[in-house]
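In what follows, a structure is listed as structure tokens, so that the remarks can point back to it.
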């Protein structure tokens, strides 16, 4: 079983890709986190006011997703890892994960520079290899949203070198996530709401 485990409403509103049976793992081994994810994706809408707001800090998209999951027990998480060589220890802390709960890591990449995908995928790979996470999830945007940004006069703020699906998929297909099961959601234009 794969992405067919997702409700049709989610499959209609998001571009979805998975690797290494991420959906089956979430559905069978992490049912509470799976349910949180399904509720998040079902309730999310992309508000026009969020796009119109100037950047410079955490986006309203990230804020909404973080708040939704934090209310359900997820948290921002940094793992304190270290390398040991003989008697020497070298601290090697990981990058903070946006939302973490019970071995599930979720990153939101709404409008960052695309190398942030490399950082996220490397972090997922490392944490999976260390048996700290079981699945990595990334929520980003579909390329098709650019037409909406352009119509709203905000196209320059969402350029080709920022995070979106066509920048992410080649990295994963090239092996950047290594052995970590991955689940990726691209926000489609269907989620755009002019009324909020």
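How much FRET efficiency would the formula 1/(1 + (r/R0)^6) give for residue 156 and residue 9, where r is the Cβ-Cβ distance and R0 is 30 Å, rounded to 0.05?
0.40
Given the chain, what percent of its DSSP beta bridges are antiparallel, to the nearest 5?
55 percent
Can you give me the convex hull volume of the Cα atoms of the range 85-175, divided per residue and expressed in Å³?
In the range 85-175, the Cα hull volume divided by residue count equals 119 Å³.
Taking 0.36 nm per residue of sequence separation and subtracting the Cα-Cα distance, how much length would be gained by fully extending the chain between residue 130 and residue 72, in nm to one decimal?
18.3 nm
Which order results if 16, 85, 135, 61 are arranged by neighbouring Cβ count within 10 Å, fewest first?
Ordered from fewest to most neighbouring Cβ atoms within 10 Å, 16, 85, 135, 61 come out as 85, 16, 61, 135.
Calculated from DSSP H runs of 4 or more alone, at -39500 (n - 2.57) each and per residue, what is the 222 nm mean residue ellipticity of the chain, nearest 500?
Only helices count here, giving -10500 deg cm²/dmol.
I'd like the orientation of helix 31-43 relative to the chain: the angle between its Cα long axis and the longest Cα principal axis, in ° from 0 to 90, rounded to 10.
Its long axis makes an angle of about 20 degrees.
So how much slack lies between residue 85 and residue 63, counting 0.36 nm per residue of separation and subtracting their Cα-Cα distance, in nm? Mind dumping the intermediate values first?
Values: separation 22, 0.36 × 22 = 7.92 nm, distance 4.03 nm.
That works out to 3.9 nm of additional length.
Just report the Cα centroid separation between the range 10-58 and the range 120-196, whole Å.
11 Å
PRE reach from residue 53 (point 7 Å along Cα→Cβ): which of the range 67-87 fall under 14 Å by backbone N?
Under cut-off, by backbone N: 67-68.
Show log10 I(q)/I(0) for the chain at q = 0.08, 0.11, 0.19 Å⁻¹, two decimals, from a solvent-free Debye sum over equal Cα scatterers.
Debye output, listed in q order: -0.26, -0.50, -1.44.
All of the numbers you see were taken from the coordinates with simple rules; none came from a lab. This structure is a prediction, so every number in the text was calculated from the model and none was measured. We place every Cβ from the backbone using ideal geometry, glycine too, and count neighbours over all the protein chains shown.
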